């Protein structure tokens, strides 16, 4: 028998600043109170579960804590130059320059800080931390209520 777990809680998320570039136009620096939701689909095991909810919550909360109250910076963007020192991160995008304390920045191996890219990144991190298994994951990053993106394996 196959079942689906749903982890949709108001206390799993993070607050972060970012800007994205769409159609050659750069957004102003702004932030969101992101919510992260996870669905797990797989076979019900002998103990009557697909997976332990506590393990899922632990993984998601740890990932969200790493992003919370930080500036999210994509390191694979062709539009943003990133220079890092032990004390600062400098971003150059067009004529804009940002110099930020290193501890306030999370450098992400993505091309943009859109919900789609954040969801794909987090899904990969969840999978890595949970390890291989006979289950499929779908993860949603919502930047405002009713507005976000989901990625599935």
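The values are calculated or read from the model by the stated rules, or taken from the named source; none is laboratory data. Keep in mind that what you see is a predicted model, and the values were worked out from it rather than measured. Don't worry about glycine lacking a Cβ; one is built from the backbone with ideal geometry, like all the others, and counts go over all protein chains shown.
Of the listed requirements (1) under 14 Å from the mean Cα position of the chain (by Cα); (2) over 21 Å from residue 29 (Cβ atoms), residue 110 misses just one: (2). Of all the numbered requirements in (1) under 16 Å from the mean Cα position of the chain (by Cα); (2) more than 17 Å from residue 139 (Cβ to Cβ), residue 59 misses one, and that requirement is (2). Hey, among the residues in segment 8-29 that are at pLDDT below 95 and outside any loop (DSSP other than H, G, I, E, B), which one's surrounded by the most Cβ atoms within 10 Å (Cβ to Cβ)? Across segment 8-29, the extreme among qualifying residues is 21.
Of all residues in segment 35-58, those that are surrounded by 18 or more Cβ atoms within 10 Å (Cβ to Cβ) and part of a helix (DSSP H, G or I) total 1.
Of the strands (runs of 3 or more DSSP E) that lie entirely inside segment 65-153, those containing 3 or more residues that are without any contact (Cβ under 8 Å) to a residue 24 or more places away in the chain and either touching a strand residue (DSSP E or B) at 6+ places or on another chain (Cβ under 9 Å) or within 30 Å of residue 42 (Cα to Cα) (or both) span 81-84, 88-93, 96-101.
Residue 96 falls short on exactly one of the conditions (1) over 22 Å from residue 37 (Cα atoms); (2) surrounded by 15 or more Cβ atoms within 10 Å (Cβ to Cβ), and that condition is (2). The requirement of being surrounded by 12 or more Cβ atoms within 10 Å (Cβ to Cβ), in contact (Cβ under 8 Å) with a residue 60 or more places away in the chain and either closer than 22 Å to residue 139 by Cα or over 12 Å from the mean Cα position of the chain (by Cα) (or both) is satisfied by residue 32.
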